[in-house]
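Taken together, the values in this text are just the output of simple stated rules run on the coordinates, not laboratory data. Here the structure is a predicted model, which is why all the values come from computation and not from measurement. Methodologically, a virtual Cβ is constructed for each residue, glycine included, from the backbone with ideal geometry; neighbour enumeration extends over all protein chains shown.
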2 protein chains.
Amino acid sequence: MASEFDLIARYFTHPAAGARLGVGDDAALIAPAPGMELAVSTDMLVAGTHFLPDADPLFLGHKALAVNLSDLAAMGAQPRWALLALALPAADEPWLAAFSQGFMGLAARYGVDLVGGDTTRGPLNLSVTILGEVEAGRALRRDAARAGDEVWVSGELGAAALGLRHLTGAHPLGEAEAAACLERLHRPTPRVELGRALLGVAHAAIDISDGLLADLGHVLDASGLGAEIELARVPAAPAVAGRLDDRQVLRCLLAGGDDYELCFTAPPGRADAVRAAGEAAGVGVARIGRIRAEPGLAVLGADGRPLVLEGRGYDHFSA
Amino acid sequence: MASEFDLIARYFTHPAAGARLGVGDDAALIAPAPGMELAVSTDMLVAGTHFLPDADPLFLGHKALAVNLSDLAAMGAQPRWALLALALPAADEPWLAAFSQGFMGLAARYGVDLVGGDTTRGPLNLSVTILGEVEAGRALRRDAARAGDEVWVSGELGAAALGLRHLTGAHPLGEAEAAACLERLHRPTPRVELGRALLGVAHAAIDISDGLLADLGHVLDASGLGAEIELARVPAAPAVAGRLDDRQVLRCLLAGGDDYELCFTAPPGRADAVRAAGEAAGVGVARIGRIRAEPGLAVLGADGRPLVLEGRGYDHFSA
């Protein structure tokens with residue numbers, strides 16, 4: 001069996017052009033550019049909780065980094081550096097080769113240097129820390145929504161959650177729909193370019209990892225405000241849009257996790273600037289509702305009456 | 001069962017005075033002071049690999065942070081911020097209370113703010129990322145040893161490894177010796193103050209996590225050099241010192257992990273400055289050998305002849 005140091009060297013030591021010192025010392029050395037501050041975040045993915053133990057390692061490598069990039073996107077930060085701590089049941093080289101292809105491929109696409117890590121034996125666990133740069137004082141924070149702001153989301157929602165229901169057998173899909181939904185579940189696109197383009201345009205932002213209602217709820221809690229959204233305006237993925245009479249599919253749209261789109265707020269006068277940001281980033285943006293001073297989150301149905309909702313999203317411990 | 005958000009808020013949300021934005025958003029916002037760069041490192045501890053599943057959570061909280069602080073100590077960096085990703089089989093509140101007491105207590109001692117994290121359900125896994133500041137261009141790197149440098153270590157070695165042998169029944173100790181060794185195993189002291197004091201004095205440094213020979217070996221590999229050390233000069237913990245005829249105890253001294261002392265090199269003319277750094281940091285320092293241009297690492301016994309050694313240290317995958 002290859003040694004820990006062999007494994008690190010073979011799969012994860014790429015030149016770290018943007019770091020002062022990369023992998024291979026007790027710590028990496030990095031510095032933000034003048035006028036920038038650092039945004040830093042960590043996410044842990046665990047076999048059996050976040051993915052099936054036999055999940056394709058190519059997808060896992062992509063997703064482990066993508067969910068972290070998505071956190072930076074929600075701050076409007078430019079990803080720069082990542083650290084990867086990886087527990088594996090055994091030093092499975094084909095698995096590592098595919099995992100590193102997924103991880104390093106996405107890292108290269110965003111110019112992210114892997115500057116540190118740790119590999120160890122244990123139940124499969126992927127823990128990534130991401131660092132990025134954002135213009136000092138300008139990050140998109142959860143607590144920055146204002147009453148009267150419009151609420152926007154990027155892309156389309158619900159496909160990842162519906163894909164998971166297809167995988168578990170709860171909601172079998174046809175081949176083409178399944179492929180589209182599983183692509184969103186396995187290979188989410190972090191909205192990094194959109195987050196950057198929204199700096200100076202949006203007030204508050206969050207990425208949709210736990211579900212629209214839960215994540216918008218975090219913005220409302222942090223900002224001390226409420227919101228009203230219109231169901232008909234929430235952009236549904238095609239496989240989801242035709243099935244909204246099914247409560248479970250509606251739940252995929254409003255409370256499904258794993259879409260990794262952005263939900264953000266912007267002043268009513270900035271709708272054109274928001275649309276321009278979406279165009280520049282190559283992703284659709286939809287205005288779905290409005291922030292209001294009264295607390296609470298109401299979803300209005302087609303008849304204008306609030307829907308009754310059971311639970312807002314996904315929580316790893318209260319399920 | 002408490003929700004993920006309740007758990008984070010209750011145990012890990014302390015005011016982050018040294019961050020621009022702490023726990024509770026998609027990412028934290030931090031910035032190094034002018035003239036400083038950031039040192040960043042990650043370490044993952046896994047139940048069954050790094051500690052027994054029933055290990056005392058108070059010790060685990062301490063150790064999970066201590067091993068990361070030790071990485072910064074080895075760079076000469078001042079710890080500032082930490083992120084904690086934690087997988088737990090269940091939301092066990094007494095466990096979390098004790099764990100956070102160990103973790104946050106050590107964080108407070110070093111002025112470290114916990115600025116981010118992730119808690120999830122899964123086999124017990126503690127993944128910590130640490131960030132610190134070091135004067136730009138002055139960090140203690142592994143690749144900075146020079147031929148002719150003297151090799152030093154801090155503190156005393158071997159107690160943690162002997163404590164582990166006591167725990168597994170391989171080498172039962174008397175009560176007082178066991179207590180002393182287990183204290184080193186469970187609650188290592190990161191040599192942060194020493195690392196800081198060695199800036200401008202030492203050339204290369206590393207922390208001893210895998211064992212003296214393995215870790216000094218990393219310095220030699222990175223620097224393209226060799227070394228000769230004298231067994232009689234290697235500072236042994238009291239329980240180890242009296243038993244060096246036992247090959248397994250000798251192995252604890254030279255190849256035992258988990259001591260988290262520093263091994264570093266400094267020019268021969270700087271011995272007084274090294275001793276002054278040790279005094280300022282409140283830890284002993286011992287000169288154990290010398291860096292030489294020829295590759296290889298020789299350990300000379302009392303008779304001046306090289307010892308024959310089997311394996312240098314601990315490796316999570318080649319064991």
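Angle of helix B:93-109 to the longest C-alpha principal axis of chain B, folded into 0 to 90 degrees and rounded to 10: 60°.
Taking each residue in B:112-125, count the Cβ atoms of any other chain within 10 Å of its Cβ, then average. What number comes out? List each step's numbers first, then the result.
Values: counts 0, 0, 0, 3, 7, 4, 12, 3, 10, 7, 12, 9, 3, 10.
The mean count of partner-chain Cβ atoms within 10 Å per residue comes to 6.
With a cut-off of 11 Å between beta carbons, the residues surrounding B:Val249 carry a summed charge of +2, where Lys and Arg count +1 and Asp and Glu -1.
Per-residue shielding of A:212-221, expressed as the average number of other chain Cβ atoms within 10 Å of the residue Cβ, stands at 1. Treating the angle as unsigned and between 0 and 90°, give the value, to the nearest 10°, between the Cα long axis of helix A:271-281 and the longest Cα principal axis of chain A. Roughly 30 degrees between the two axes.
The angle between the Cα long axis of helix B:159-168 and the longest principal axis of the Cα atoms of chain B comes to about 70 degrees, rounded to the nearest 10.
Report for the range A:142-300 the percent antiparallel among DSSP-assigned beta bridges with both residues inside it, nearest 5.
Details: 16 of 22 bridges.
For the range A:142-300, the DSSP antiparallel bridge percentage is about 75.
Using the Cα gyration tensor of the range B:185-259, with a ≥ b ≥ c the square roots of its eigenvalues, what is the shape: rounded (a/c below 1.5), prolate (a/b larger than b/c) or oblate (neither)? Taking the square roots of the gyration eigenvalues as a ≥ b ≥ c, the range B:185-259 is oblate. Each copy carries a label point for A:Gly35 at 7 Å from Cα toward Cβ; from one copy, the others' points are 2.4 nm away, ordered from shortest.
Global size of the protein assembly as shown: 26.0, 93 Å for Rg and Dmax (C-alpha atoms, Rg to one decimal, Dmax whole). Take every DSSP beta bridge whose two residues both sit in the protein assembly as shown; close to 70 percent of them are antiparallel.
Based on other C-beta atoms within 10 Å, arrange A:Cys252, A:Cys181, B:Cys263 from fewest to most.
Working: A:Cys252 31, A:Cys181 27, B:Cys263 24.
Final ranking by Cβ density, sparse to dense: B:Cys263, A:Cys181, A:Cys252.
Identify which of B:Thr168, B:Thr189, B:Thr119 has the largest mean-square fluctuation in a Gaussian network model of chain B, with springs joining Cα atoms closer than 10 Å. Of the options given, B:Thr168 has the highest mean-square fluctuation. GNM remark for chain A: springs join alpha carbons under 10 Å apart, and the peak mean-square fluctuation among A:Asp258, A:Asp26, A:Asp210 falls on A:Asp26.
Reducing the range A:162-229 and the range A:73-144 to their Cα centroids gives an inter-centroid distance of 19 Å. Across the identical copies, the label point of A:Gln101 (7 Å from Cα in the Cβ direction) is separated from its matches by 5.0 nm, in order from shortest. Legend: ranking of residues B:Val112, A:Val115 from fewest to most surrounding C-beta atoms inside 10 Å; resulting order B:Val112, A:Val115.
Going by neighbour counts of Cβ atoms within 10 Å, the residues A:Glu261, B:Glu228 line up, fewest first, as B:Glu228, A:Glu261.
Report for chain B the percent antiparallel among DSSP-assigned beta bridges with both residues inside it, nearest 5. The partial results should precede the final answer.
Values: 38 of 54 bridges.
In chain B, DSSP labels about 70 percent of beta bridges as antiparallel.
How big is chain A by the Kirkwood estimate over distinct Cα pairs, in Å?
On the way: mean 1/r = 0.0493 Å⁻¹.
Kirkwood radius, chain A: 20.3 Å.
Evaluate 2.2 N^0.38 Å with N set to the residue count of the range A:142-300, then give the Cα radius of gyration divided by it.
Working: Rg = 15.1 Å, N = 159, 2.2 N^0.38 = 15.1 Å.
Working it through for the range A:142-300, the quotient is 1.00.
With label points defined 7 Å past Cα in the direction of Cβ, position A:Pro53 shows copy-to-copy spacings of 1.3 nm, given to one decimal and shortest first.
Across every pair of non-identical alpha carbons in the range B:196-238, the mean reciprocal distance, once inverted, gives a Kirkwood radius of 12.0 Å. Only Cα sites of the range A:4-135 enter the Debye sum here, all with the same form factor; the resulting log10 I(q)/I(0) across q = 0.10, 0.13 1/Å is -0.29, -0.50, listed in q order.
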